[in-house]
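One structure below.
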Amino acid sequence: VEMSAEKKKTIKSKTKAEAFGIFEPVFRSRKERLRAGESLLEGMPHSSHAVWKPPRKHRDPIDILEESNRYRLASLVPVRYGRMLRSPFTFLRGSSGLMAYDLATTPNAGIQVQACGDCHLLNFGLFATPERNLIFDINDFDETTPAPWEWDIKRLAISFTVAARGNGLTDKEAEASAVECVRAYRERLRECSKMSPLEVWYDRLDAQTIVDMAPNAKVKKAREQLIEKAKTRVGDYLYPTISGEVGGRRRLIDQPPILFHIYEKDFEQRVYKALQDYRLSLPHERRVLFDRYRLEDIALKAVGIGSVGTRCFVGLFFSAENHPLLLQFKEACPSVLEPYAGKSIYDNHGQRVVTGQRLMQSSSDIFLGWTQGQRGRDFFVRQLRDMKMSAPVEGASFAQMKMYAELCGLTLARAHAKSGDAALISGYLGKSDTFDQAIGEFALTYADQNAKDHAALVAAEKSGRIKALIEED
């Protein structure tokens, strides 16, 4: 088709991409973005991040926790509270919504990334890639959404101070663990700012690299043993422990209130409709794989601490030759960051989780997908604990905490660099340790707040304001 003179004139005044209505990003050099980040320091010095003061308006941690139960099964809320009561650290794990409420009042430079939203030290760990290699990465994305990068690094640093105190370390050691995490984050982010987008996308922290990073033979051996243990936890390793023979067929074993079946008239029909929608969320080649399995049984399972009470189903599938596959169908509620970072662009929160996970992780589960129940609840789907292994943090020494803090800081930096502007953030962070020290001070102060909030939950349970179910070890 012959182009009009007017169209030719338009193309001369614009880039070709703009003229044809194609999105074209605005490119600035790394040096320009570094300078732009540095300029943000004038209005927000690093020292401004060191201060924690509770919001001036009335802040009742129990009210905020109770509000977060609106999407949960009422029968499982006592289980959630029982797990949170164990220690200040388990309280922190279960109160991401409360911390989001607090972090939203703290300074941020106005730079967004794809945030994890529940970035604490136990939401990192080893798991298998589709190529069956072990990597270390973030492994929980229930709360992921675009948000200020500071919220993730602050929650992560706080988790180190709280966990360190729980291990009997001094406040000085707890703060130093947080500082080490932030140092690794800051330095790795600057390295990422020098890499090409593809290099950042392909970057990963694999098991062998973690072994090679060990400072001595003892640490190296401990890491090798942890990796070997993780390799035994293949996707179906839980199969013999949570299932049994019932009437000649394999069934998931009821362990109420932790694992139990749903007996509702139309439940089976709703399950199969959700499975059809889940299948359509998979890439075409993964649908071929999924079609080689049939659903044998499904039951509801209480998982984690922060997720307890949301609907999480375990599906037991078999191939034609009875090879088992365990899939987890986990309810996706609105992110705890949404009231402060804005509503998700995705109508289905399962899709929000899956997209965020793929964007932040260096490699993701081949069965990752989403669906929606006929009653309007959103779910995301993944394999159940495929070679998944968390670091043994409980009882860790100061040296072990610092080494683990480094791994988490490095990992979070790469995750943020995938979606955010590494050079812009790096320009703001700078090359000195002033930001690291500020966050260390903030994290230690907030650990005091977390301890007070945990004590408030203990008091609420004793007074009967809330009910908790304490599970046997």
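The values are calculated or read from the model by the stated rules, or taken from the named source; none is laboratory data. If you're wondering where the values come from, they're calculated on a predicted model, not measured in any experiment. Every residue, glycine among them, receives a Cβ derived from its backbone with ideal geometry; neighbour counts consider all protein chains shown. SASA here: full protein model, heavy atoms, side chains in, ligands and nucleic acids out. Shrake-Rupley method; radii C 1.70, N 1.55, O 1.52, S 1.80 Å.
A few comments on the model shown:
- Projected area averaged over orientations for the stretch 140-256, convex hull of C-alpha atoms, nm²: 12.5 nm²
- q = 0.11, 0.14 Å⁻¹: log10 I(q)/I(0) that the Debye formula gives for the stretch 93-201, counting C-alpha atoms only: -0.41, -0.66
- Computed from the C-beta positions of residue 225 and residue 270, the FRET efficiency with R₀ = 56 Å rounds to 0.80.
- Charge tally for residue 303 (other residues, Cβ to Cβ under 11 Å; Lys, Arg +1; Asp, Glu -1): +3.
- Computed from the C-alpha gyration tensor, the three semi-axes of the ellipsoid equivalent to the stretch 94-140 are 28, 14, 7 Å, from longest to shortest.
- Of the DSSP H helices in the chain, those whose Cα atoms cover at least 20 Å axially and whose Kyte score averages 0.0 or more: 149-166, 398-419
- With a 1.4 Å probe rolled over the protein heavy atoms of all chains, the accessible area of 218, 229, 330 falls in the order 218, 229, 330, largest first.
- Computed from the C-beta positions of residue 218 and residue 445, the FRET efficiency with R₀ = 30 Å rounds to 0.30.
- Inverse of mean 1/r across different Cα pairs in the chain, Kirkwood, Å: 23.9 Å
- Per residue, the convex hull around the alpha carbon atoms of the stretch 270-346 comes to 122 Å³.
- On a per residue basis, the chain carries 47 Å² of accessible surface, using protein heavy atoms and a 1.4 Å probe.
- Accessible-area value, residue 209, 1.4 Å probe, nucleic acids and ligands omitted, Å²: 50 Å²
- Here the average projected area of the convex hull drawn through the C-alpha atoms of the stretch 361-473 stands at 12.6 nm².
- Seen from a random direction on average, the alpha-carbon convex hull of the stretch 268-399 projects onto 10.8 square nanometres.
- Of the whole protein surface, residue 416 contributes about 0 Å² of accessible area at a 1.4 Å probe radius.
- Values of log10 I(q)/I(0), in the order q = 0.12, 0.15, 0.20 Å⁻¹, for the stretch 18-134 under a Debye, Cα-only, solvent-free model: -0.77, -0.98, -1.20
- Taking the 1.4 Å solvent-accessible surface of the chain as the whole, the part contributed by carbon and sulfur is 52%.
- Shape box of the stretch 394-439 [Cα atoms, principal axes, largest first, Å]: 37, 24, 13
- Rounded FRET efficiency, nearest 0.05, which uses the C-beta distance separating residue 32 from residue 434 and R0 of 22 Å: 0.45
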